[in-house]
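Asker: Sharing a structure below in structure tokens format, with a few things to ask.
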Amino acid sequence: MSHAIRRASELALDETTVTALRAALKTTADEVVQAIIDEVPSYANALSGSMGGTIRRAVRTALGNYLDLASGNATGGDGGDAAYELGRGEVRDGRSMDALLSAYRVGARVAWRCLAAGAVPAGLPAAEVAKFAELTFAYIDELSAASAAGHADELAARGRAQERHLEHLARDLLAGASPDVLLASAERAGWQPPVSLTAVLLPAAQARPAYRALDPSTLVLDDLPDATGVLLVPDADRSHLLRQLTDRTAVVGPARPWTRASSSYARAARARSLSSDIRDTEDHLPELVLSADVDAFADLRARALAPLRTLPVATARRLEETLRAWLLHQGRRDDVAAALFVHPQTVRYRMSQLRELFPDLASPHRVLELTLAVGLRVS
């Protein structure tokens, strides 16, 4: 506390003055605390009961350190350390630095009034009274600075710790951890679980910029393999979310109960691997269903479309396209012709060929199998 120490070196308090001031310490501390209660709303309840007693003792200790400094018997270091810890404690108690600075200002005013009332009758010369005032306010300024440093350091430390907890929670969610594990992880992170989470996959470099435009409770990871980032957006309005991501290379998974966010992530990841053009997985459910098991889909196609493999490649392709259109348009010949850009008579001719190849084409089981087999256009 270099500035206060320098002021103290210019002040000469005799033993009589110091004794008089020490005798008034308890009364001064009580008046300081009462003024803070009356004038700083944030402390109205904090200074009552046992907490009030603790703070009153702390105020008396600070005033005692100040008198030690004023009488040349201390360096003031202990007061700075205590003020630093006080600033950290304010964060833990949920109060802002503004409240503490207001308390310091009120305390300085009341302390000076009380101390001056004791020093002047004790015979402190007028010239020394001015130096005494300068020391008082220099001491308070440096206590304030120490508390501000403690407050800022505690906020930074808590922010880093919470960020680590939030990242751990996001990893637990993507890994599909059990509800009990997820609840414990959310509690550690101080994160209020929503009803649902929607996974968004995008390039890692876009994750943090996109996150800043979303709900503050959104969970973010930007260090997944392949330079991929993921956002887990709580209770998202889907259309609004998609608009917010218009300029991003993003894939949006389905909304899922928050403990099942891993399924939203898995679908978005599968859609991303399927095509770079997919943005909203809800618009591509058939493709996602049919690509869920690639080997099974290949086996289904091979078995269901085996009769076509006996034909020349070009013929087989035309008939498969016709079969697909016929199934999708439920056999409406004119609609099939329009979809294929051919004459309805051509559709009739091709369908007669297909009925020869697939004698059981009217069977519901065969229709289901063929619909699945030709459900995706395969190059």
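The values are calculated or read from the model by the stated rules, or taken from the named source; none is laboratory data. As the structure is a prediction and not an experimental result, all values here were calculated from the model. Glycine also receives a Cβ, built like all others from the backbone with ideal geometry; neighbour counts cover every protein chain displayed. With ligands, DNA and RNA removed, areas are computed over all heavy atoms of the protein, side chains included. Shrake-Rupley method; radii C 1.70, N 1.55, O 1.52, S 1.80 Å.
Asker: Check whether at least one residue in region 348-359 is touching an Asp or Glu at 6+ places or on another chain (Cβ under 7 Å) and without any contact (Cβ under 8 Å) to a residue 60 or more places away in the chain, and report yes or no. Lay out the reasoning, then the answer.
Answerer: Of the residues in region 348-359, the ones touching an Asp or Glu at 6+ places or on another chain (Cβ under 7 Å) are none.
No.
Asker: What are the residues in region 197-216 that are closer than 19 Å to residue 242 by Cβ, open to solvent by 20 Å² or more (accessible area, probe 1.4 Å) and not hydrophobic (A, V, I, L, M, F, W, C), if any?
Answerer: Residues satisfying the conditions are 203, 206, 209, 211, 212, 215.
Asker: Kindly evaluate residue 175 against the criterion of being in contact with a Phe, Trp or Tyr (Cβ under 6 Å, 6 or more places away or on another chain) and either open to solvent by 20 Å² or more (accessible area, probe 1.4 Å) or at pLDDT 95 or above (or both). Even if it seems obvious, please write down each step before you answer.
Answerer: Details: in contact with a Phe, Trp or Tyr (Cβ under 6 Å, 6 or more places away or on another chain): no; either open to solvent by 20 Å² or more (accessible area, probe 1.4 Å) or at pLDDT 95 or above (or both): yes.
No.
Asker: Looking at 249, 315, 310 in this structure, which one is within 16 Å of residue 230 (Cα to Cα) and either without any contact (Cβ under 8 Å) to a residue 60 or more places away in the chain or acidic (Asp, Glu) (or both)?
Answerer: Working: 315 fails: within 16 Å of residue 230 (Cα to Cα); 310 fails: within 16 Å of residue 230 (Cα to Cα).
After ruling out the rest, the residue left standing is 249.
Asker: A further question follows. Collect the residues in region 301-336 that are open to solvent by 60 Å² or more (accessible area, probe 1.4 Å) and part of a loop (DSSP other than H, G, I, E, B), keeping them in residue-number order.
Answerer: 312, 330, 332
Asker: Looking at (1) without any contact (Cβ under 8 Å) to a residue 60 or more places away in the chain; (2) open to solvent by less than 50 Å² (accessible area, probe 1.4 Å); (3) farther than 21 Å from residue 360 by Cβ, which is the one condition that is false for residue 262?
Answerer: Just one mismatch for residue 262, condition (1).
Asker: Do you know which residues across region 138-193 are among the acidic types (Asp, Glu) and touching a residue at least 40 places away in the same chain (Cβ under 8 Å)?
Answerer: As a first pass, look at region 138-193 and keep what is among the acidic types (Asp, Glu): 141-142, 153-154, 163, 167, 172, 180, 187.
Those that are among the acidic types (Asp, Glu) and touching a residue at least 40 places away in the same chain (Cβ under 8 Å): 141, 142, 153, 154, 167.
Asker: In addition: Mind listing just one residue for me: the one in region 100-131 that is small (Gly, Ala, Ser) and over 18 Å from residue 31 (Cα atoms) and, of those, modelled with the highest pLDDT?
Answerer: Restricting attention to region 100-131, the residues satisfying the condition of being small (Gly, Ala, Ser) are 102-103, 107-108, 111, 116-119, 122-123, 126-127, 130.
Cutting the leftovers down to over 18 Å from residue 31 (Cα atoms) gives us 122-123, 126-127, 130.
On the way: 122: 61, 123: 64, 126: 63, 127: 63, 130: 71.
The residue in question is 130.
Asker: I'm trying to understand the selection: among the residues of region 254-310, which are under 30 Å from residue 352 (Cα atoms) and touching a strand residue (DSSP E or B) at 6+ places or on another chain (Cβ under 8 Å)? Steps first, answer last, please.
Answerer: We begin by selecting, within region 254-310, every residue under 30 Å from residue 352 (Cα atoms); these are 286-287, 290, 296-310.
None; the set is empty.
Asker: Could you please give the count of residues in region 221-258 that are open to solvent by 20 Å² or more (accessible area, probe 1.4 Å) and assigned to a strand (DSSP E or B)?
Answerer: Of all residues in region 221-258, those open to solvent by 20 Å² or more (accessible area, probe 1.4 Å) come to 222-227, 235-240, 242-244, 246-249, 255-258.
With assigned to a strand (DSSP E or B) added as a condition, the list becomes 222-224, 255-257.
Looking only at that region, the number is 6.
Asker: Within the bounds of region 368-376, is there any residue that is part of a loop (DSSP other than H, G, I, E, B), crowded, with 17+ Cβ neighbours inside 10 Å, touching a helix residue (DSSP H, G or I) at 6+ places or on another chain (Cβ under 8 Å) and not small (Gly, Ala, Ser)? Walk me through how you get there before you give the answer.
Answerer: So in region 368-376, the residues part of a loop (DSSP other than H, G, I, E, B) come out as 374-376.
Adding the requirement that they be crowded, with 17+ Cβ neighbours inside 10 Å leaves 374-375.
When the remaining residues are screened for being touching a helix residue (DSSP H, G or I) at 6+ places or on another chain (Cβ under 8 Å), the result is 374-375.
Narrowing further to those that are not small (Gly, Ala, Ser): 374.
Yes, some residue in region 368-376 is part of a loop (DSSP other than H, G, I, E, B), crowded, with 17+ Cβ neighbours inside 10 Å, touching a helix residue (DSSP H, G or I) at 6+ places or on another chain (Cβ under 8 Å) and not small (Gly, Ala, Ser).
Asker: Moving on to the next point. Given (1) within 13 Å of the chain's Cα centre (by Cα); (2) exposed (fewer than 13 other Cβ atoms within 10 Å of the Cβ), identify the lone condition not met by residue 169.
Answerer: Going through the list (1) within 13 Å of the chain's Cα centre (by Cα); (2) exposed (fewer than 13 other Cβ atoms within 10 Å of the Cβ), residue 169 breaks only (2).
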